[in-house]
Structures are given as C-alpha cells and as structure tokens.
Amino acid sequence: MIRLKALAGATLLCITLSACSMVGFSYKHMDWWLMWKIDDALNLTSEQKDLLEPQLHTLLNWHCSAELPNAISWLEQNQLLLEQSTPSSEAIRAQIDQVDTAFKRIARQVTPTATQLLGGLSDQQVTHLYAFLKEQNQEDREEFLDPPLATQITERSTRMQERLEPWFGQLSASQIKRIDSWSADLGEQNRI
C-alpha cells in the first residue's frame with residue numbers, strides 16, 4: 001500500500017513538473033525541431049547543417065530575449081481584454097497590430113539566414129523542396145478543401161476548441177456555441 005502511494009505521488013509529481021516545464025522544454029529543443037523540419041524540406045548537406053545550426057541558435061537566443069517578453073506582455077493584455085464584457089474593436093485591432101508588428105520583426109531577423117540558406121541550394125535540393133511543398137499542399141487540400149462544407153465547419157470548430165482548452169480550460173456550452181457560430185460564419189474561407 002505504501003509503495004502504491006509512493007508510486008502515485010511520484011507519478012503526480014512528474015506530471016506536474018512536466019506541465020510546468022513544457023514551454024521551457026519546447027524552447028530548449030526548438031533548434032533540434034527546426035533543423036529537422038528544415039532538413040525534411042530541403043535535404044541539407046552536412047556542410048549546410050553545420051552553417052545553419054549556429055545561426056539557428058543565434059536566432060532562437062534573440063527570440064527568447066527580445067520577442068518572448070513581448071509575447072508574454074501581449075498575452076497578459078489579452079487576458080485583461082477578455083475579462084471585459086465587451087472589448088472595443090479598437091482594443092482588439094491594437095492586439096492584432098501588435099502580432100503583425102512582431103511577425104515583421106521576426107521576418108526581418110530571419111531573412112538574412114533564410115536568404116543565405118536558400119541561395120546555396122543545389123538544383124537537386126530545389127527540386128526536392130518543390131516536391132515537398134507540392135506534397136504538403138496536396139495533404140492540406142485533402143484535409144481542408146475536399147471535405148463537404150458542413151464537415152469543414154465542424155472540423156474548424158473542433159480544432160479551435162482544442163486550441164483554446166489548454167489556455168482556458170474546459171469550455172462552457174455558451175463558449176462552444178460561440179465557436180460553432182464563428183466557424184459557420186467563416187463559411188468557405190478555406191477556399192481563400
């Protein structure tokens with residue numbers, strides 16, 4: 001019995017620690033994940049990997065020190081906005097503008113590395129990249145465009161609920177209804 005309690009306690013501790021450190025874990029392994037995704041798309045040579053790896057570390061360090069604090073502040077502002085009964089359209093627009101500005105800052109920071117990497121690709125790697133993108137586009141088409149509109153709406157709503165629950169917890173019936181309504185209002189937006 002004592003052994004079972006100790007095992008249960010250790011399991012609970014592990015789950016708690018893993019939940020608390022998920023963001024840290026993700027950030028620590030982001031360089032590996034990015035290298036894997038880039039290599040999957042480009043089929044990099046060992047020389048290209050050797051050149052890219054330190055640049056990725058530099059970019060991730062920059063993002064962690066310069067952009068992550070902005071993201072935390074943005075999330076805190078969103079929390080305050082969500083606590084209002086009817087947030088103004090100006091306040092919502094300001095939040096969207098902050099995201100747009102952040103994407104532009106990140107794009108400016110990443111562009112030199114991306115330009116250098118893409119400029120150094122062989123013809124074979126470019127062919128591989130086009131084939132990879134074609135395959136990804138086909139998978140997206142099958143998942144998002146081919147299903148009937150009613151299925152697209154239902155799946156869009158389900159995806160949004162799954163994205164929101166880690167942030168807000170169990171969604172209420174009225175929240176789910178609002179998500180369903182939002183998804184239906186988007187209609188055939190997947191075609192865009």
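Tell me which residues, restricted to the stretch 166-179, are closer than 26 Å to Pro148 by Cβ and either touching a residue at least 24 places away in the same chain (Cβ under 8 Å) or not in a helix (DSSP H, G or I) (or both). Walk me through it before giving the result.
Of the stretch 166-179, the ones closer than 26 Å to Pro148 by Cβ are 171, 173, 175-179.
Scanning the stretch 166-179 gives a single hit, Leu171.
When the residues of the stretch 74-84 are filtered to those that are in a helix (DSSP H, G or I) and over 18 Å from the mean Cα position of the chain (by Cα), which remaining residue is farthest from Leu117 (Cα to Cα)?
The selected residue is Glu83.
From the residues in the stretch 127-150 that are in a helix (DSSP H, G or I) and open to solvent by less than 50 Å² (accessible area, probe 1.4 Å), which one is nearest to Arg178 (Cα to Cα)?
Taking the stretch 127-150 first, the residues in a helix (DSSP H, G or I) are 127-145, 149-150.
Applying the additional criterion that residues be open to solvent by less than 50 Å² (accessible area, probe 1.4 Å) yields 129, 132, 145.
Values: Leu129: 40, Phe132: 37, Leu145: 23 Å.
Applying the filter and picking the extreme gives Leu145.
Keeping to the stretch 56-74, report how many residues are over 17 Å from Lys28 (Cα atoms) and either loosely packed, with under 11 Cβ neighbours inside 10 Å or β-branched (Val, Ile, Thr) (or both). Walk me through how you get there before you give the answer.
Just the residues of the stretch 56-74 that are over 17 Å from Lys28 (Cα atoms), to begin with: 70-74.
Still in the running and either loosely packed, with under 11 Cβ neighbours inside 10 Å or β-branched (Val, Ile, Thr) (or both): 72.
Residues meeting the conditions: 1.
Pick from Glu53, Glu47: which is part of a helix (DSSP H, G or I), acidic (Asp, Glu), touching a helix residue (DSSP H, G or I) at 6+ places or on another chain (Cβ under 7 Å) and open to solvent by 70 Å² or more (accessible area, probe 1.4 Å)? Write out each step before concluding.
On the way: Glu47 fails: touching a helix residue (DSSP H, G or I) at 6+ places or on another chain (Cβ under 7 Å).
Only one candidate qualifies: Glu53.
Test Ile96 against the criterion of being among the aliphatic types (A, V, I, L, M), assigned to a helix (DSSP H, G or I) and open to solvent by less than 70 Å² (accessible area, probe 1.4 Å), and give yes or no. Please lay out each step first, then the result.
Values: among the aliphatic types (A, V, I, L, M): yes; assigned to a helix (DSSP H, G or I): yes; open to solvent by less than 70 Å² (accessible area, probe 1.4 Å): no.
When the stated conditions are applied, Ile96 does not pass them.
The values are calculated or read from the model by the stated rules, or taken from the named source; none is laboratory data. Please read these numbers as outputs of a predicted model, since none were measured by experiment. Here Cβ is always computed from backbone atoms with ideal geometry, including for glycine, and neighbour counts include all displayed protein chains. Only protein heavy atoms, including side chains, enter the accessible area calculation; ligands, DNA and RNA are left aside. Shrake-Rupley method; radii C 1.70, N 1.55, O 1.52, S 1.80 Å.
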